[in-house]
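Presented below is the structure to which this report refers.
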Amino acid sequence: MKFNTKAIHGGQDNIDPAYGAVMPPIYQTSTYAQNKPGAHKGFEYSRSGNPTRNALEKAIASLENANYGMAFGSGIAAIDAVLKLLKPGDEVISTNHLYGGSYRLFTKIYEDFGIQFNFVEMEDTGNIEKHITAKTKLLWVETPTNPMMNIIDIVAITKIARKHSVLLAVDNTFATPYLQNPIDLGADIVMHSATKYLGGHSDVVVGLLAVKDKTLANKLYFIQKASGAIAGPQDCFLVLRGIKTLHLRMQRHCENVKDVAEFLEKHPKVEKVFWPGLKNHPNHDVAKKQMKDFGGMVSFSTRGNKQADAEKILEKLKIFTLAESLGGVESLAGHPASMTHASIPKEEREKLGIVDSLIRLSVGLEDIEDLLEDLKQAID
Ligand code: P1T
């Protein structure tokens, strides 16, 4: 099946053997009757498996050209499950640009459990090999990065991961499987905050993993069951419903963001625009090579770099809602330094370009004329 067909049908065969419902029913049950001990219809207890969750897990495996999927209670819970593959003393090399909550999980939880993280600029792959030791077990990549929209070359990193026999995990939240399939590029694990584009309607918090290898999948299923951070059936249903229009929504997000980025670039009060579709973006060529289009997110800073200016713009926006999160049908605007990336120390944050005037936009599906007008009146 091609992508659009997979978004609607992928992994969804025989989804309701009871009545043939076209959408997977919400199996709001904790447990399943057994005829005699061990004689059941494939499900025993909803922490270890639930038919609605199973449908979503199959859907994400299909979309990411993987063989196995796992659904968790949040994107962070999905990342947490990947980190539980590690042991004290192990080392991780992570991109230095990443979602603030991932950074917080790494440094405030897992460093205390004896795992060491090296945050390196992965746009230059030479930096990675410099930090690899016999203890390195995992490379953690986020691309495009949140909120600077840097692009990391997944194929180049795959070569390093293979050479040193370490796992490569890619947070594919910003790109979605519509734009980029890390497993096809050689990654071992793909992670999604399905809270964003996959759910697509800002009404659910869910995390997903997809993997190809059976042994790795079994370890992750064990962690999912043993640690228990599963997604509930109602939430899985909402993500399944969102996925059915992913291709249409992403296409329009990409069209709208292009016009927004071009508008921002020309505005005299805007200093810099961060969007991988711009020819002057430092990783534009890599983005063109590994992504189908450039996504729905754009960030920009204003001349003079004053937080007060960013705050004024954010207060004046009418159609863009000032809120954390991204990837819904509605346009959102955020101030990374005080919101999504506040957990990164100021000095570190500024080195990454997350300056006080930086504004991040999740460009939604409204009419582009209205979005441009809203930005114009707020920035003017
Ligand atoms: O929020 P949650 O579903 O737990 O997902 C965490 C997460 C992981 N990875 C990336 C790239 C993310 O952007 C996020 C969540 N991000 C936001 C809430 C935000 O506004 O950026």
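The values are calculated or read from the model by the stated rules, or taken from the named source; none is laboratory data. Small disclaimer: the values here were computed from a predicted structure and weren't measured. Reconstructed Cβ throughout: ideal geometry from the backbone, glycine too, with neighbour counts over all protein chains shown. Heads up: the accessible areas ignore ligands, DNA and RNA and are worked out on the full protein's heavy atoms, side chains in. Shrake-Rupley method; radii C 1.70, N 1.55, O 1.52, S 1.80 Å.
Observations, loosely collected:
- Being within 16 Å of the ligand (Cβ to nearest atom) and crowded, with 18+ Cβ neighbours inside 10 Å holds for only one residue in 78, 61, 55, and it is 78.
- Scan region 120-171 for residues that are assigned to a loop (DSSP other than H, G, I, E, B) and away from the ligand (no atom under 16 Å from the Cβ) and the total you get is 12.
- Pairs meeting the criteria (first residue in region 132-150 and touching a residue at least 40 places away in the same chain (Cβ under 8 Å), second residue of a type in the set (Lys, Arg), beta carbons under 7 Å, at least 6 apart or on different chains) are 147/360.
- Answer residue from region 200-219, given it is in contact with a strand residue (DSSP E or B) (Cβ under 9 Å, 6 or more places away or on another chain) and assigned to a loop (DSSP other than H, G, I, E, B) and is most open to solvent (accessible area, probe 1.4 Å) among those: 212
- Hits in region 239-276 - residues which are assigned to a loop (DSSP other than H, G, I, E, B) and more than 18 Å from residue 372 (Cα to Cα): 244, 245, 276
- Where a residue in region 96-120 is hydroxyl-bearing (Ser, Thr, Tyr) and open to solvent by 10 Å² or more (accessible area, probe 1.4 Å) and its partner, wherever it lies, is within 15 Å of the ligand (Cβ to nearest atom) and not in a helix (DSSP H, G or I), with Cβ under 7 Å and at least six apart: 99/142; 99/146; 99/340; 103/343; 103/344
- Number of the condition not met by residue 23 [criteria: (1) in contact (Cβ under 8 Å) with a residue 40 or more places away in the chain; (2) open to solvent by 70 Å² or more (accessible area, probe 1.4 Å)]: (2)
- Near pairs, Cβ below 9 angstrom, 6+ apart or cross-chain, from region 320-334 (modelled with pLDDT of 95 or more and open to solvent by less than 40 Å² (accessible area, probe 1.4 Å)) to any residue that is near the ligand (Cβ under 8 Å from one of its atoms) and aromatic (Phe, Trp, Tyr): 326/174; 327/174
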